[in-house]
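Presented below is the structure to which this report refers.
Derivation of every value follows stated rules applied to the coordinates shown; laboratory data play no part. Quick caveat: nothing in here was measured; it's all calculated off a predicted structure. Quick reminder, even Gly has a Cβ in these numbers, built from the backbone with ideal geometry, and neighbours come from all protein chains shown.
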Amino acid sequence: MKRVFSIVFFAVLILVFASGARAQNKACALATPDELQVLLGAKVSNLKGTDMPGGDTAICMGQAPTARVMLRLAKRSEKGGGTEAAGIEIAKKMGAQVEVKTFGEITCSTVIPPASLAEHGFNTTCSIAKKTTVAAIEITAKTQKDMIAIDKLRPLAEKMAKRF
């Protein structure tokens, strides 16, 4: 009986420590659930973090009634903003309307897809690049009317800049 208790006790300890390790995803620490709720006007559910293979990227994803949320924290590419600029050009070539605004270390963009790609969502992203790290918040709305404006997302990006 003692042996069974010991096995169960250690199994519970392992689960507690494993859950704690998952909860420490650095991307999920970039914005609080309350901040996301204020931004979106609704609670974000299932906010879960994942560390990508290789350890250079952490993402945190959640869902609100009208939008998906993704927070990212990654090692910055040696290419700098070349990857982002290439992505914007591809979106434009596909017929998307793209707006980009830069505020010091923060770059924000909106992408409105053509009607044929609307099911993929209407995106607003702000990213913050610092030395060897880049953080981003990406809100993908289901409809254009539910898009988050750059000016509404930027204050949260400014808070995020202080958290990494």
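Just the Cα atoms of region 39-164, one point each, no solvent: what log10 I(q)/I(0) does Debye give at q = 0.09, 0.13, 0.16, 0.21 Å⁻¹?
Debye curve over Cα of region 39-164, log10 I(q)/I(0) at q = 0.09, 0.13, 0.16, 0.21 Å⁻¹: -0.25, -0.53, -0.82, -1.39.
Among the trypsin sites (Lys or Arg not before Pro) in region 124-164, which ones are in a DSSP loop with at most 13 other Cβ atoms within 10 Å of the Cβ? Mind listing them?
In loop regions of region 124-164 (DSSP not H, G, I, E or B), the sparsely surrounded trypsin sites (Lys or Arg not before Pro) are 131, 162, 163.
What is the calculated FRET efficiency for residue 46 to residue 133, with r their C-beta to C-beta distance and R₀ = 35 Å, to the nearest 0.05?
Calculated value: 0.85.
Determine, from the Cβ-Cβ distance of residue 83 and residue 118 and an R0 of 22 Å, the FRET efficiency 1/(1 + (r/R0)^6), rounded to the nearest 0.05.
0.35
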